[in-house]
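Below is one structure, written out as structure tokens; the observations come after it.
The values are calculated or read from the model by the stated rules, or taken from the named source; none is laboratory data. The structure displayed is predicted, hence computed values, not measured ones. In this analysis, Cβ positions are derived from the backbone assuming ideal geometry, glycine residues included, and neighbour counts consider all displayed protein chains.
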Amino acid sequence: MEKIVVVGGGAGGLELVTRLGRRLGRKKKAHVTLVDRNTTHLWKPLLHEIAVGTMDEGNDAVSYRAHAFANGFHFRVGSLSDIDRDNRQVVLAPVLDDEGVEYIPSTRIDYDYLVVALGSVSNDFGTPGIPDHCIFLDSPMQAHRFRTKLLNRFLRIQRVPEEPDTVRIAIVGGGATGVELSAELHHAVSEFHHYGFNAITNEHLHVTLLEAGERILPALPERISASATKELTNIGVKVRTNTMITSASTEGLHTKDGDTVEADLMVWAAGIKVPDFMADIGGLETNRINQLKVNEFLQTTRDDRIFALGDCAEFIQEDGKRVPPRAQSAHQMANTCYHNLVASLNCKPLKKYEYRDHGSLVTLANYSTVGSLMGNLTRGSLFIEGRMARVVYISLYRMHQVAVHGLMKTGLLMLAGKINRWLQPRLKLH
């Protein structure tokens with residue numbers, strides 16, 4: 001029986017391994033294994049909501065073990081450390097407990113076909129002080145860390161009136177993560193007074209969004225950028241463009257112009273890269289941000305039994321542009337990779353990957369949602385905002401849930417979500 005190993009249980013990886021398990025694993029046509037260092041999956045675009053407490057990840061997180069049991073694949077906890085291409089083995093690093101003691105030694109997993117879907121992490125570009133003083137909002141653990149620090153700051157304001165009565169938050173990076181987090185913070189603070197923080201209002205929150213370029217959301221049309229800037233300004237976010245950060249310290253962020261942006265909490269959301277250990281891993285070809293270079297079938301350029309998808313894959317389109325690191329890219333790549341793995345097992349022709357840009361949406365909490373839709377709806381792009389944009393934005397997550405759980409279970413999850421919003425607090429305060 002052929003062995004298929006998928007490393008990384010993000011959006012694309014989990015969708016892929018779920019389909020493979022249902023199609024091949026259940027019928028004993030292949031042994032399908034998912035490897036991830038975490039035990040649960042959470043859709044990455046939701047991290048900003050977890051960071052401020054407007055979402056309880058316990059309601060949406062997917063247990064890899066339970067999901068594997070229900071969908072015909074196997075799950076292994078572990079972190080990729082190397083790829084032994086000669087012996088077709090994935091090398092996993094030792095697993096350590098919270099005290100740094102090894103409880104699972106380094107192990108190897110045999111594969112006939114390997115899919116790398118590791119996703120990405122924040123890229124600080126070597127800026128001094130950033131790793132020591134900033135939070136990288138690229139994992140649930142980092143989101144929890146931010147929420148804890150935020151709650152502690154507000155608790156101090158509530159209990160120690162003689163202290164400075166503001167929380168200064170600086171967010172570096174005017175992309176979707178930075179913009180959505182800025183808005184979500186103001187929305188969350190407006191709810192705090194319901195839960196014993198009666199002294200807290202939006203006036204106690206000073207959020208500064210810093211972008212090195214000429215405008216926020218630089219990858220999106222200028223009209224969307226202008227609309228988002230206006231909305232953020234209206235709710236009290238200070239948007240600073242053309243501001244390059246050169247270092248960070250305990251005082252705050254230091255700019256190229258010599259200014260210091262004083263802050264109590266600093267978030268770095270200014271770029272992405274694949275983890276450094278992926279550089280030239282297993283002798284595979286990688287680029288400057290450690291992405292695996294792939295061909296038109298999503299196979300790595302030096303090994304046609306190793307595929308890559310999502311943020312960790314560099315796919316160059318016919319026009320010379322790289323496929324952007326978005327959830328829709330990972331979803332489309334997972335579909336193509338699934339087809340090509342099944343085709344490989346059946347000795348059939350492979351399918352070329354073609355990226356289709358369906359537009360981009362950015363949610364500004366409950367204040368607004370803006371974006372553009374592209375594709376079959378119009379010959380160009382359609383600018384949308386407000387309630388219609390919000391519905392489309394939420395539907396993107398529902399599409400991911402359908403791919404993972406199926407239509408019926410997704411419907412039940414939606415119903416459970418509505419019930420939970422009635423039964424549970426609006427904010428997670430722990």
Filter segment 89-124 for residues that are surrounded by fewer than 18 Cβ atoms within 10 Å (Cβ to Cβ) and of a type in the set (Gly, Ala, Ser) and give the result. ALA93, GLY100, SER106
Residues of segment 105-138 classified as assigned to a strand (DSSP E or B), of a type outside the set (Ser, Thr, Tyr) and farther than 25 Å from ASN287 by Cα, total: 4
Run TYR111 past the list (1) closer than 26 Å to ASP36 by Cβ; (2) of a type in the set (Ser, Thr, Tyr); (3) in the same structural domain as LEU232 (by TED's automatic domain parsing) and report the number of the one that doesn't hold. (3)
Would you confirm whether any residue within segment 153-162 is out of contact with any strand residue (DSSP E or B) (no Cβ under 8 Å at 6 or more places or on another chain), in a loop (DSSP other than H, G, I, E, B) and among the β-branched types (Val, Ile, Thr)? yes
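Take segment 63-88 and flag every residue that is of a type in the set (A, V, I, L, M, F, W, C), within 24 Å of LEU413 (Cβ to Cβ) and buried (at least 18 other Cβ atoms within 10 Å of the Cβ).
Here is the first cut: in segment 63-88, the ones of a type in the set (A, V, I, L, M, F, W, C) are 66, 68-70, 73, 75, 77, 80, 83.
Applying the additional criterion that residues be within 24 Å of LEU413 (Cβ to Cβ) yields 66, 68-70, 73, 75.
If the condition is that a residue be of a type in the set (A, V, I, L, M, F, W, C), within 24 Å of LEU413 (Cβ to Cβ) and buried (at least 18 other Cβ atoms within 10 Å of the Cβ), then ALA68, PHE73, PHE75 are the ones that fit.
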Could you tell me which numbered condition THR18 fails, if it satisfies all but one of (1) hydroxyl-bearing (Ser, Thr, Tyr); (2) part of a loop (DSSP other than H, G, I, E, B); (3) at pLDDT 95 or above? (2)
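Within segment 21-74, which residues are in a helix (DSSP H, G or I) and touching a Phe, Trp or Tyr at 6+ places or on another chain (Cβ under 6 Å)? It would help to see each step written out before you state the result.
Of segment 21-74, the ones in a helix (DSSP H, G or I) are 21-25, 44-52, 57-60, 64-71.
GLY21, GLY25, ALA51, TYR64, ARG65, ALA68 - these are the residues of segment 21-74 that are in a helix (DSSP H, G or I) and touching a Phe, Trp or Tyr at 6+ places or on another chain (Cβ under 6 Å).
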